[in-house]
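The structure appears right after this line, and notes come after that.
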Amino acid sequence: MQITSFKQYEEDYKKSIENPEQFWGEVAQNFQWRKPWFKVLSWNFNEPNIKWFEGAKLNITENCLDRHLEKNGDKPAIIWEPNNPEEESVTLTYKMLHERVCRFANILKRNGAKKGDRICIYMPMVPELAIAVLACARIGAVHSVIFGGFSAKSIADRINDSRCKLVITADGAYRGNKQIPLKDVIDDALIGCPTVEKCIVLTHIRTPVSMLKGRDVWWEDEVKHVNDICEAEEMDAEDMLFILYTSGSTGKPKGVVHTCGGYMVYAGYTFSNVFNYQPGEVYFCTADIGWITGHSYIVYGPLSQGATSVLFEGIPTYPSPSRFWDIVEKHKVNTLYTAPTAIRSLMSFGDEPLKEKDLSTIRVLGSVGEPINEEAWHWFDEKIGHGKAPIVDTWWQTETGGIMISPIATVTPTKPSYATLPLPGIQPVLVDENGNEIEGNGVSGNLCIKFPWPGMLRTTYGDHERCKQTYFSAYENLYFTGDGCLRDEDGYYRITGRVDDVLNVSGHRIGTAEVENAINMHAGVVESAVVGYPHDVKGQGIYAFVIYPEMHGEAELSKKDILQTVTRVIGAIAKPDKILFVSGLPKTRSGKIMRRILRKIAEGDTSNLGDTSTLLDPAVVEEIMDAAQKL
Ligand code: WT7
């Protein structure tokens, strides 16, 4: 199933469009099924109702673990690199990983988990996180991984939205020289989570934690009570595999739902092809398993292909900005998949951290999460790939389950800052505001997809109508991505960024409405408006305009108070980079905030504010512009 020439890409692409069912049916043959499907695809984008591999039975962990045991049982599945480079790294072979997943699956069962139950996972980047994810899949429980940076309130909202029965966490996490008390955060969250019956706690940083009798149990104690035999649960192709919460243009994050069969096929197929993975190679994705990139391209994609996946606990700049390059050298990494924000941050340290680092094993480079600017692309290409490693700029989303538009390493000619061409099976279209398809090349518009692919979301948890409204109602019979896009003269795609009220801060997706709601919860704040602005390292920064007539103390302290509130309500990742106190916001006569004007002010480009004739009070704009200059 691996594409090895551009000609083959063109042929496969053509076939995938002309006969999608045959195409995906053949791809799916490369996986292990308990029972075959009777129909590859039935679909309807109006409801929406999408079914792949109908009737088929499988368990994704048999594809990620059991099927490799006979020939590749002693091959490394996961190489764990700890936060502290002085500590030993850990290698888990497929045999070892299989055994540990089975043990932990038995622990889950012992604690009352069964097929269909939702389980929340809030853990550091340690092997046990991958083990917990796979153990859920083994018994058919639905995992909902929450990134370690979210607050107790965010966790509680997510746990309650999907009525989780169990929580898996650790005492704490290391992040560079910081320690994060994960269990404390979970304790705060669980005060408001009546559905949670049990909480399994891994010892990691050995910090004191409170353990509630009857609810909390230690991972290490539980292990003593189980064996390593756990038959995988037989799952329907369309049974739920996991929920992953993501932000949209409204205040409340959505639980994106992925199912077993289609997601497995799509994650495995795209992993193998986009990175041109070769047996025996070491692959390193720097994302966190708390995001979709980690789900698809640290855990499920690589393991389904029998690959060796590096799992790194720390951050790129600890203990020094050489850390990534030390890991590449130490583990002889062949593929490095990272984010533009990390590249830009490391670039800023110059060549010093690269001195005497052996990066010669690198064969393929990947970028994900946000548009990569040309400067960062060239630095990555020259300094890390030495001009020899193709860069795959992979465009996709939590909702798409896997990579959609991207070069195929060694196959597709690349172009800086272009995600290039759609993968086989993906039919992108550009549409204008009225939903008319814009044909031809040298055009731009809103990016939609007009045909289903196996990895696509099936619903948003507990609210199918919301899934329909958000993705399938903007344009008839199309999946709307929320991204703007340009198709150049060669037919190459370049993603230009979100066209909705969603920000991309250091590759993290954050809704402006979510941040506004959090700021507005601060006592004394009357109203706020949040917009993005270009940021050298983060891609986008968060700029908040806040009406706070009776500040508590001086302005600088009041800003810190607001940041504290945002940290409490969402998490530190959503903290505004800039706060401007204003006496009013630019509104239309009908009361709508004119964000377009605020965006211009945040960008520092006030020479042409566009049409301001509908403004209720133009003096407000003058005042904000003056204040912004002084910020
Ligand atoms: C949004 C999805 C997909 C994994 C990580 C983010 C932006 C993603 C690219 C890229 C330009 C990109 C889009 C997209 N995005 N990859 N290669 N070039 N933009 O997943 O949190 O669901 O965010 O990230 O705006 O809609 P996510």
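The values are calculated or read from the model by the stated rules, or taken from the named source; none is laboratory data. Keep in mind that what you see is a predicted model, and the values were worked out from it rather than measured. All Cβ positions, glycine included, derive from the backbone under ideal geometry; neighbour counts span all protein chains shown. These area figures cover heavy atoms from the full protein model, side chains too; ligands, DNA and RNA do not enter into them. Shrake-Rupley method; radii C 1.70, N 1.55, O 1.52, S 1.80 Å.
A few remarks follow.
- The packing ranking, built from the mean of other Cβ atoms within 10 Å per residue, places the peptides 434-446, 450-462 in the order 450-462, 434-446, highest first.
- Coil-residue GluC sites (Glu not before Pro) of region 213-292, DSSP, other Cβ within 10 Å capped at 14: 231, 234
- Share, in percent, of DSSP beta bridges within the chain that are antiparallel, nearest 5: 60 percent
- Whether region 187-270 is rounded, prolate or oblate, judged on the alpha carbon gyration tensor where a/c under 1.5 counts as rounded: oblate
- Gyration tensor (alpha-carbon) shape descriptor, region 105-222, a/c threshold 1.5: rounded
- Computed across region 502-630, the Kirkwood hydrodynamic radius from all distinct Cα-Cα pairs reaches 14.9 Å.
- For residue 91, the residues 5 or more places off, or on other chains, whose built amide H falls under 5 Å of its own are 80.
- Altogether, the Stokes-Einstein calculation at 10 °C and 1.306 mPa s, with the Kirkwood radius of region 576-631 over Cα pairs as Rh, returns a diffusion coefficient of 138 µm²/s.
- Rolling a 1.4 Å probe over the protein heavy atoms gives region 502-630 an accessible area of 48 Å² per residue.
- Here residue 592 is the anchor, and the aspartates and glutamates within straight C-alpha reach of less than 17 Å, apart from those fewer than 8 places off in the same chain, are 500, 501, 516, 527, 611, 617.
- Amide H to amide H distances under 5 Å link residue 111 with no residue, where only residues 5 or more positions off or on other chains count and H is placed in the peptide plane.
- Per DSSP, loop trypsin sites (Lys or Arg not before Pro) in region 557-605 with at most 13 further Cβ within 10 Å: 589, 592
- Taking a sphere under 11 Å around the Cβ of residue 498 and counting the other residues whose Cβ falls inside, with K and R at +1 and D and E at -1, yields a net charge of -3.
- Taking a sphere under 13 Å around the Cβ of residue 602 and counting the other residues whose Cβ falls inside, with K and R at +1 and D and E at -1, yields a net charge of +2.
- Inter-centroid distance (Cα atoms) of region 455-512 relative to region 365-415, Å: 20 Å
- Region 20-88 and region 321-337: distance between their alpha carbon centers, rounded to Å: 27 Å
- Of all DSSP beta bridges in region 502-630, antiparallel share, percent nearest 5: 80 percent
- Percent accessible area from carbon and sulfur atoms, region 158-272, protein chains only, probe 1.4 Å: 50 percent
- Across 114/198; 7/383; 39/252; 71/332; 14/75; 575/600, pairs whose alpha-carbon gap is larger than 25 Å: 7/383; 39/252; 14/75
- Separation between Cα centres of region 175-208 and region 558-606, rounded to whole Å: 32 Å
- Reduced Cα scattering model of region 491-540, Debye log10 I(q)/I(0), q = 0.19, 0.20 Å⁻¹: -0.70, -0.75
- Beta bridges by DSSP in region 160-237, antiparallel share as percent, to the nearest 5: 25 percent
- In order along region 50-57, phi translates into HN-Hα couplings of 10, 10, 10, 6, 4, x, 6, 10 Hz, rounded to whole numbers, per the Karplus curve 6.51 cos²θ - 1.76 cosθ + 1.60 with θ = phi - 60° and x for Gly and Pro.
- Sites matching trypsin sites (Lys or Arg not before Pro) across region 193-251 that sit in DSSP coil, with at most 14 neighbouring C-beta atoms within 10 Å: 206, 213, 215, 224
- Counted residue by residue at 0.36 nm each, then reduced by the alpha carbon distance between them, the extension gain from residue 489 to residue 74 reaches 144.5 nm.
- Region 114-161: C-alpha gyration tensor shape, a/c 1.5 cut-off, then a/b vs b/c: oblate
- For the chain, the alpha carbon positions stretch 74, 62, 56 Å along the principal axes, listed from largest to smallest.
- The charge dipole of the chain, taken about the Cα centre with unit charges on the Cβ atoms of Lys, Arg (+1) and Asp, Glu (-1), comes to about 1220 debye, rounded to the nearest 20.
- Surface composition of region 461-507: carbon plus sulfur atoms contribute 41% of the solvent-accessible area (1.4 Å probe, protein chains only, all chains present).
- The HN-Hα couplings worked out from phi for region 329-335 by the Karplus form 6.51 cos²θ - 1.76 cosθ + 1.60 (θ = phi - 60°) are 5, 4, 9, 6, 5, 9, 10 Hz, whole numbers, x standing for Gly and Pro.
- Proximity of backbone amide H atoms, modeled 1.01 Å from N, is registered between residue 199 and 167, 216, 217 at under 5 Å, excluding neighbours fewer than 5 places apart on the same chain.
- Subtracting the Cα-Cα distance of residue 599 and residue 177 from their residue separation scaled by 0.36 nm leaves 148.4 nm.
- Charged neighbours of residue 15, selected by a Cβ distance under 14 Å, balance to -4 (K, R count +1; D, E count -1).
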